[in-house]
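Throughout, read-outs are computed from the coordinates displayed, never taken from laboratory work. Predicted, not measured: the structure shown is a model, and the values here were computed from it. Backbone-built Cβ (ideal geometry, glycine too); neighbour counts: all protein chains shown.
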Amino acid sequence: MVRIAAVAIACLVTVLAAVAKDVQIGPTTINLTLPSAYCELDDGNAEDASLLKVMGDLPVRSHLLAAYADCKQLTGFRSGKETVPSDFAIYATPAGAMNIVFPDLTVKQVCAKLRTEGEQTLAGLWRENRLRVEGIIKGIKFNEMQFLGVMAEESSVCYGASLVKLKTDVGTEKVEVSLFANTIIRGKFIIFSLYAPYVGIDTVPAMLSKHKSNVATLTAANKN
């Protein structure tokens, strides 16, 4: 029985290690959790390192904390059988703010700024005129970023979304959704972004529901 219990504990520790990662932001330790079925990119792997370099440039003026990709897509990419993963997640924090302690009110202020600077017409259309939104999305130019606006706001989280049209490795077109959550964890500003291909008008609402669960897990893992 003792051996069984020891094995069970060892397995539990292994599972917990696979789904969590501690990072230092200034003097503060943050426990990063990852979406279900995602695996962390390893900078010791040549293929992963090339992706990490690109991902490090995605959140402008931000410091990359960790990056993850769909496990199946990542395995195929590492073996050379698949193209670059389309489903991935990034943790970042504002560059130059590693030692700043942010009040919870910061999220509300950021959300207000996003509302004033964003394409609120399109954000409103998302709820009111689905066909017109599809037309706008089809008209996005390659490598052009289209901000959709604030998708949801909670007491400590502001969710926004953007679209960008890209060409894949084989020359086909795809539109990638970036759904980002701005939140304060232990006084640190965290940008937790989820990326996935746009496959229809229900893509963003589905991602939002999934990402709210991701953020709830992150928050719970960092309760003092």
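Worth a mention:
- In this structure, the amide hydrogen of Asp87, modeled 1.01 Å from its nitrogen in the peptide plane, lies closer than 5 angstrom to those of Asp70, counting only residues at least 5 positions away or on a different chain.
- With neighbour counts taken as other beta-carbon atoms within 10 Å, the residues His211, His63 rank, fewest first, as His63, His211.
- Under a 5 Å amide H cut-off, with hydrogens placed 1.01 Å from N, Glu82 pairs with Phe77 among residues at least 5 apart or on other chains.
- Cleavage-rule hits, trypsin sites (Lys or Arg not before Pro), the range 183-224, DSSP coil, Cβ neighbours within 10 Å at most 12: Lys223
- Point-to-point label distance, Val23-Ala221, nm (Cα→Cβ direction, 7 Å offset): 1.1
- Compactness relative to 2.2 N^0.38 Å, alpha carbon Rg of the range 154-224: 1.28
- Long-range HN-HN contacts of Phe102 with modeled amide H, under 5 Å: Lys188, Phe189
- For the range 88-113 and the range 156-209, distance of Cα centres in Å: 17
- The stretch between Lys108 and Lys141 holds 8.7 nm of extra length on full extension. This uses 0.36 nm per residue minus the Cα-Cα distance.
- For a straight C-alpha distance cut-off of 14 angstrom, the aspartates and glutamates reachable from Lys108 (same-chain residues fewer than eight places away being disregarded) are Glu153, Glu154.
- Straight-line cross-link partners of Lys223 among the lysines, defined as a Cα under 18 Å from its Cα and at least 8 positions apart when in the same chain: Lys21, Lys188, Lys212.
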